[in-house]
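What follows is a short report on a single structure.
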Amino acid sequence: MATKTANRPSARERLLAAADELFYRQGMHRVSIDRVIEKAGVPAETLREAFGGTDELVRAYLRARHTRLQDALARDLPGYRTSRERLVGVFEIQGRSFVEPGFRGCALVTASAEALPGEVVEEVVTEYRDWIHNLFFDLAFAAEVTHPEELAEQLVVLFDGAGISAWLDAKPSTVNTTRAVAEALVDAARVLSQELTLATL
């Protein structure tokens, strides 16, 4: 019995798990906080004790979703040998989520579409957007293309579109298309860089 109690998720963990399931599957504005509390199986006052309020629960849910992607990239991108492979690898890693049961696109994109001005969602989505733009810029810069900011912008748009298409069309194979387009964009940027370098010699 002691072992069961020790291994049981905390009230905070249960609330976050319930919010993650309900918010992602049904949308934050369609799920009442009472439903989250009920699914978590905790007393109503536990929400305030664990998070301070609904906004902090929403913030924690969205940041946890963001962290999953960050962790996957941090874990798997180093396995790609070259800068070109890493740029394309981002899309391969993204594509793994397309086959997950209940996949409904990027949680932060969906939350942003539902959010009203001034809601806590805006803050977390801004953090996410800064991160994704910086990720692709840093990878493009490492690839030594002449205009890394331009390539990064193209790849961010492709990344966003990939998640939406894979969800709406229920096509996990979307990853094959995005990988091919990413390869073409990266190779075109690299060829342009080489041509500009030769032109200056």
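The values are calculated or read from the model by the stated rules, or taken from the named source; none is laboratory data. Predicted model, so just to flag it, every value in this text is computed and none were measured. Neighbour counts are summed over all protein chains in view; Cβ atoms, including those assigned to glycine, are modelled from backbone coordinates with ideal geometry. Quick note on the areas: whole protein, heavy atoms, side chains included, nothing else; ligands and nucleic acids left out. Shrake-Rupley method; radii C 1.70, N 1.55, O 1.52, S 1.80 Å.
A few comments on the model shown:
- Crossing angle, helix 120-142 versus the chain [Cα axis fit, 0-90 degrees, rounded to tens]: 30
- Paramagnetic reach from L116 (point 7 Å along Cα→Cβ, amide N under 15 Å) across the stretch 28-51: 28-33
- Ligands, DNA and RNA are left out, and with a 1.4 angstrom probe the accessible area of the stretch 126-179 is 52 Å² per residue.
- Choice from S83, S165, S32 showing the highest fluctuation, given a GNM over the chain with Cα pairs closer than 10 Å: S32
- Spin-label model, V109/A184: points 7 Å from Cα along the beta carbon direction are separated by 1.9 nm.
- With a simple spin-label model that places each label point 7 Å from the Cα along the Cα-to-Cβ direction, the separation between T82 and A142 comes to 1.5 nm.
- Volume of the convex hull of the stretch 82-174 (Cα atoms only), normalised per residue: 96 Å³.
- Considering only V58, V120, V175, the Gaussian network model of the chain with Cα springs below 10 Å gives its largest mean-square fluctuation to V120.
- CD proxy at 222 nm, helix term only [per DSSP H run n ≥ 4: -39500 (n - 2.57); per residue of the chain; nearest 500]: -25000 deg cm²/dmol
- The share of accessible area on the chain that comes from carbon and sulfur is 54 percent, using a 1.4 angstrom probe.
- Expected-Rg normalisation [2.2 N^0.38 Å, Cα atoms] applied to the chain: 1.22
- Proportion of all alpha-carbon pairs of the stretch 19-104 beyond 17 Å (%): 59
- For the stretch 69-135, the list of trypsin sites (Lys or Arg not before Pro) that fall in a loop by DSSP and count at most 13 other C-beta atoms within 10 angstrom reads R81.
- Computed from backbone phi, the HN-Hα couplings of the stretch 146-163 come to 5, 10, x, 5, 5, 5, 4, 4, 4, 6, 5, 4, 5, 4, 4, x, 4, x Hz, rounded to whole numbers (Karplus: 6.51 cos²θ - 1.76 cosθ + 1.60, θ = phi - 60°; Gly and Pro given as x).
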